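> Take this structure, written in structure tokens, and hold onto it; I'll ask about it next.
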Amino acid sequence: MAEKVLIIGSGPAGLTAAIYAARGGLNPFMVEGMERGGQLMITTDVENYPGFPDGIMGPDLMEQMRKQAERFGTRIISSDVTDVDFSVKPFKVFVGRDVYTAESIIISTGASARWLGVEGEERLRGFGVSACATCDGFFFKEKDLVMVGGGDSAMEEALFLTKFASKVTIVHRRDAFRASTIMANRVLKHPKIDVIWNTVIEEILGDRLVSGVRMRNVMTDEVTDRSTDGVFVAIGHTPNTRVFEGQLDLDDAGYILTEPGASLTSVEGVFAAGDVTDKIYRQAVTAAGMGCQAALDAERWLG
Ligand code: NAP
């Protein structure tokens, strides 16, 4: 028999949708994905999620949300969705050779880190190139590091890296950070952090391990090499929507288009919530709020 609600993805949006759908008697089924819990699993302290005045570790927050979803009866499997067919009802969701059917779908597959796409980056990934300071920072004790990006992620990760590194140099392509003032000020005041403005990385250098970066000043075109032990990239994210291409309307960047102020997608009965549809706010708390909306929208649609 078809599921009433099938939720794809298990970050704050998916798990909040699960809590609401379960409490609404919809007996939700979740395909949580191999990267269970989403981006908060690779975050350390979360200081801005309401209800935790002393902060909470990202993975702990996700574990608590998952327990809450399970407590109300959400059934969860840990695979990745490999294909979908939203052209028929009930909708079909493929997980390898298994097919699940559902009357409604909530998509909360989030977004993944973007890479620079420069020479050396892919070859040296895991050998000094990383997009996750909280995962890999520990390996760079007393090392000299470069952080690329000017948003809150770059600030947060640069600050985190100062716990291990001897020095962190942020390389940013403009002359001002995009990050919030509080985060930018923490960085600018930090004795271990320097900033190189108006500069892009053109190549990551190194034979078997990162040994340096080739940088170009975008104002003067001057190219300089600088030695470093590691390069951390924090330049934003790409939505995880590849399996939905051709099934749902997406915007130019691949985000799922939804009705303003609601979670309704271009296919009736399919709802989207969280970073997979939100390129503006991208916060745990906004994703959770959108997950709640999606569950309520699905409940209303199911009638
Ligand atoms: P973001 O805000 O989109 O910032 C991406 C940064 O990378 C920008 O500074 C951008 O430069 C730069 N960039 C993009 N492509 C680049 C390229 N190819 N080469 C060099 N630089 C490039 O992304 P984010 O920092 O991941 O943050 C995403 C969202 O999460 C934001 O809403 C942020 O506020 C939120 N967030 C919040 C917290 C917190 O509150 N604690 C922590 C992390 C993230 P330009 O500025 O020139 O575009």
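> Can you name every residue in the range 103-114 that is farther than 18 Å from G289 by Cβ and either modelled with pLDDT under 95 or out of contact with any Lys or Arg (no Cβ under 8 Å at 6 or more places or on another chain) (or both)? Spell out how you get there, then give the answer.
Step one: filter the range 103-114 for residues farther than 18 Å from G289 by Cβ, giving 103-105, 112-114.
Listed by number, the residues that qualify are I105, S112, A113, R114.
> In this structure, does F177 turn out to be without any contact (Cβ under 8 Å) to a residue 60 or more places away in the chain and either touching an Asp or Glu at 6+ places or on another chain (Cβ under 6 Å) or away from the ligand (no atom under 14 Å from the Cβ) (or both)? Don't jump to the end; show me each part of the working.
Values: without any contact (Cβ under 8 Å) to a residue 60 or more places away in the chain: yes; either touching an Asp or Glu at 6+ places or on another chain (Cβ under 6 Å) or away from the ligand (no atom under 14 Å from the Cβ) (or both): no.
Taking the combined requirement at face value, the residue does not satisfy it.
> Tell me yes or no: at least one residue of the range 214-222 is part of a helix (DSSP H, G or I) and in the same structural domain as G150 (by TED's automatic domain parsing).
From the range 214-222, those part of a helix (DSSP H, G or I) are none; that's our starting set.
No, because not a single residue in the range 214-222 is part of a helix (DSSP H, G or I) and in the same structural domain as G150 (by TED's automatic domain parsing).
> Within the range 30-60, work out how many residues are more than 15 Å from the chain's Cα centre (by Cα) and within 14 Å of the ligand (Cβ to nearest atom).
Of the range 30-60, the ones more than 15 Å from the chain's Cα centre (by Cα) are 30-31, 45, 47-57, 60.
Imposing the further condition that a residue be within 14 Å of the ligand (Cβ to nearest atom) reduces the set to 45, 47-50, 52, 55-57.
Selection size over the range 30-60: 9.
> If you take the residues of the range 67-102 that are among the aliphatic types (A, V, I, L, M) and part of a loop (DSSP other than H, G, I, E, B), which of them is nearest to C292 (Cα to Cα)? Walk me through it before giving the result.
Here is the first cut: in the range 67-102, the residues among the aliphatic types (A, V, I, L, M) are 69, 76-77, 81, 84, 88, 93, 95, 99, 102.
Next cut, part of a loop (DSSP other than H, G, I, E, B) only: 81, 88.
On the way: V81: 22, V88: 26 Å.
The qualifying residue nearest to C292 (Cα to Cα) is V81.
> For residues that are farther than 20 Å from V276 by Cβ and buried (at least 18 other Cβ atoms within 10 Å of the Cβ), tally how many sit in the range 25-43.
Here is the first cut: in the range 25-43, the ones farther than 20 Å from V276 by Cβ are 25-27.
Remaining after also requiring buried (at least 18 other Cβ atoms within 10 Å of the Cβ): 26.
Final tally of qualifying residues: 1.
> Here's something else I'd like to know. For the range 4-51, how many residues meet the condition of being assigned to a loop (DSSP other than H, G, I, E, B) and either aliphatic (A, V, I, L, M) or not assigned by TED's automatic domain parsing to the domain that holds Y281 (or both)?
2
> Follow-up question, since we're still on this one. Considering only the range 146-157, I want to know if a residue exists there that is buried (at least 19 other Cβ atoms within 10 Å of the Cβ), within 13 Å of A234 (Cα to Cα), of a type outside the set (S, T, N, Q) and away from the ligand (no atom under 11 Å from the Cβ).
Taking every residue of the range 146-157 in turn, at least one turns out to be buried (at least 19 other Cβ atoms within 10 Å of the Cβ), within 13 Å of A234 (Cα to Cα), of a type outside the set (S, T, N, Q) and away from the ligand (no atom under 11 Å from the Cβ).
> Okay, moving on. Of the residues in the range 160-189, how many are touching a strand residue (DSSP E or B) at 6+ places or on another chain (Cβ under 8 Å) and not in a strand (DSSP E or B)? Don't jump to the end; show me each part of the working.
Restricting attention to the range 160-189, the residues satisfying the condition of being touching a strand residue (DSSP E or B) at 6+ places or on another chain (Cβ under 8 Å) are 161-162, 165-173, 187-188.
Remaining after also requiring not in a strand (DSSP E or B): 161-162, 165-166, 172-173, 187-188.
The number of residues fulfilling the criteria is 8.
> Being more than 16 Å from the ligand (Cβ to nearest atom) and surrounded by fewer than 16 Cβ atoms within 10 Å (Cβ to Cβ) narrows it down to one of K89, K4, so name that one.
Working: K4 fails: surrounded by fewer than 16 Cβ atoms within 10 Å (Cβ to Cβ).
Every option except K89 fails the conditions.
> Then there's this: Being surrounded by 21 or more Cβ atoms within 10 Å (Cβ to Cβ) and of a type in the set (V, I, T) is the filter; apply it to the range 234-284 and report the residue that is farthest from the ligand (Cβ to nearest atom).
Restricting to residues being surrounded by 21 or more Cβ atoms within 10 Å (Cβ to Cβ) and of a type in the set (V, I, T), the top hit is V270.
> In addition: Return yes when A184 is crowded, with 19+ Cβ neighbours inside 10 Å, modelled with pLDDT under 95, more than 9 Å from the ligand (Cβ to nearest atom) and not assigned by TED's automatic domain parsing to the domain that holds Y281 and no when it is not.
Details: crowded, with 19+ Cβ neighbours inside 10 Å: yes; modelled with pLDDT under 95: no; more than 9 Å from the ligand (Cβ to nearest atom): yes; not assigned by TED's automatic domain parsing to the domain that holds Y281: yes.
Criteria not met by A184.
> Report yes if Q64 is assigned to a helix (DSSP H, G or I) and at pLDDT 95 or above, otherwise no. If you could, list the steps in order and put the result at the bottom.
On the way: assigned to a helix (DSSP H, G or I): yes; at pLDDT 95 or above: yes.
Yes.
> For the range 265-294, give me each residue that is of a type in the set (S, T, N, Q), more than 28 Å from A179 (Cβ to Cβ) and in contact with a Ser or Thr (Cβ under 8 Å, 6 or more places away or on another chain).
In the first step, residues of the range 265-294 are kept if they are of a type in the set (S, T, N, Q); the result is 265-266, 277, 283, 286, 293.
Now restrict to residues that are more than 28 Å from A179 (Cβ to Cβ): 265-266.
Answer for the range 265-294, where residues must be of a type in the set (S, T, N, Q), more than 28 Å from A179 (Cβ to Cβ) and in contact with a Ser or Thr (Cβ under 8 Å, 6 or more places away or on another chain): just T265.
> Follow-up question, since we're still on this one. Give the residues of the range 124-151 that are without any contact (Cβ under 8 Å) to a residue 40 or more places away in the chain and either farther than 17 Å from I42 by Cβ or not in a helix (DSSP H, G or I) (or both), sorted by residue number.
Answer for the range 124-151, where residues must be without any contact (Cβ under 8 Å) to a residue 40 or more places away in the chain and either farther than 17 Å from I42 by Cβ or not in a helix (DSSP H, G or I) (or both): R125, G126, K141, E142, G150.
> Take the range 125-139 and flag every residue that is surrounded by fewer than 21 Cβ atoms within 10 Å (Cβ to Cβ) and in contact with an Asp or Glu (Cβ under 9 Å, 6 or more places away or on another chain). Spell out the reasoning first.
The initial filter retains those residues of the range 125-139 that are surrounded by fewer than 21 Cβ atoms within 10 Å (Cβ to Cβ), namely 125-127, 132, 134-136, 138-139.
Result: G126, C132, T134.
The values are calculated or read from the model by the stated rules, or taken from the named source; none is laboratory data. Note that this is a predicted model, so its numbers are computed, not measured. Every residue, glycine among them, receives a Cβ derived from its backbone with ideal geometry; neighbour counts consider all protein chains shown.
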